[in-house]
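Step one of this worksheet: look at the structure below.
Please treat every number below as a calculation from the coordinates, not as lab data. These numbers were taken from a predicted model, which means no experiment stands behind them. Because the Cβ atoms are built from the backbone with ideal geometry, glycine has one as well, and the counts that use them run over all protein chains shown.
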Amino acid sequence: MFSRTFGCVRLVWNKTLAERHRAWHAEGKKTSYRETDAALTVWKKTEDLAFLSEVSSVPLQQTLRHQHTAFANFFVGRARYPRFKNRNARQSAHYARSAFRMRDGKLFVAKTSSPLRFVWTWDDVDVAALNPTTVVISRDPDGRWYVTFAVDAGAPEPLEEAGHAIGVDLGLKDFAVTSDGERIANPRMLERRARNLARYQRRMARCQRGSVNRRKAKRKVARAHRNARTGFLHRTSSALVRKADTIVIEDLNVSGMVKNRLLARSVSDAGWGEFRRQLEYKCERAGRRLVVIDRWYPSSKTCSSCGNLLAELSLSTRHWTCPRCRARHDRDINAAKNILAAGQAVARSGPGDACGAGVRRQGSALPQSAVKQETSPARARIPSL
Ligand SMILES: [Zn+2]
């Protein structure tokens, strides 16, 4: 039933999107939610699309609402133009309150005859006391099924103050090096998984395009890939959030780097984008502050002891001595210390101040890009430790 519902949700989304697209480009006309809902009612009455009535109407209406929101976001410049849904991507169906029932921790979903069995993963929450506003049934490309409960909840409890701040330098050799001098190695499993991945990919290449085997092989690839890094990223981000009140990272242009094919695999394997996303929401949840500094800040070439800026530092140089104060530096730890100092300068001065230019604080809606065009961002104002 859920597979069939996914198919109907996808069809309604794609057909509505095509219709909207046509109305906009041919007639310059925006389509309202009401119009799309009326069109859905008409489709259900046609012979070809009568099967849409076999699934719950709620997920179909929800997908119309989501598309309406997606367009609203697009029109105000907040999001990209909505895209067609693909049958090989993640599938989902959203059930609002009228389409499911929770009783004693059992979930009954519309158009299904028995309670839906699921594994509960939140040990500290009593599932029987749960009062969800929405239930989302989804299936990942690797074939795993999820039930997600949306509930109204109060603000999360902030963590106790740690009295500590950490700068983090992300890299490929080590996943991260902190201003405390801690090195977090890139897990070896990534390399082992890469070998598995190559095997799956070879197997996939032999499968015919669009065949069931190819889809299965693709799911395996997706699974091998994700398992390899998700756990590692969660452990690493959680440990940092526990340790420090303020965490400073560089704003790495991950999508830009991934376009460089030589770096692409290492960078997307490293999962920096996902790591930052985790830090963002975990910091917010715990009442911590995440500071993201401009990626053009010369964190490697600046001496963290005296602030001296080197003219050049080759990528292969792992250790160096400052010509001015004779301090001996490990390249990555020095960079992490500079990142921390830059972030703390911002945290003290606030985003409106000159020191904050080119650097943004977590929580502001848009990056302050005023300095992005300049070649040397606020470097003179960043104090040494
Ligand atoms: Zn120095």
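Miscellaneous remarks
- Subset of Lys15/Lys218; Lys29/Lys218; Lys282/Lys337; Lys30/Lys216; Lys85/Lys220; Lys29/Lys282 violating a 32 Å alpha-carbon distance limit: Lys29/Lys218; Lys30/Lys216; Lys29/Lys282
- Each residue, Asp174 and His21, gets one label point 7 Å from its Cα in the Cβ direction; the gap between the two is 4.8 nm.
- Neighbourhood charge, 11 Å Cβ-Cβ cut-off, centred on Ala72 and excluding it, Lys, Arg +1 and Asp, Glu -1: +3
- Separation in nanometres of the label points that stand 7 Å from Cα toward Cβ, at Arg4 and Glu280: 3.9
- Cβ-based exposure ranking for Val291, Val135, Val151, Val125, in which fewest neighbours within 10 Å come first: Val151, Val125, Val135, Val291
- Kirkwood Rh, Cα atoms: Rg over Rh of region 2-75: 0.97
- Projected onto their three principal axes, the Cα atoms of region 14-157 cover extents of 54, 42, 30 Å, largest first.
- Whole-Å distance, taken between Cα centres, linking region 288-347 and region 103-140: 50
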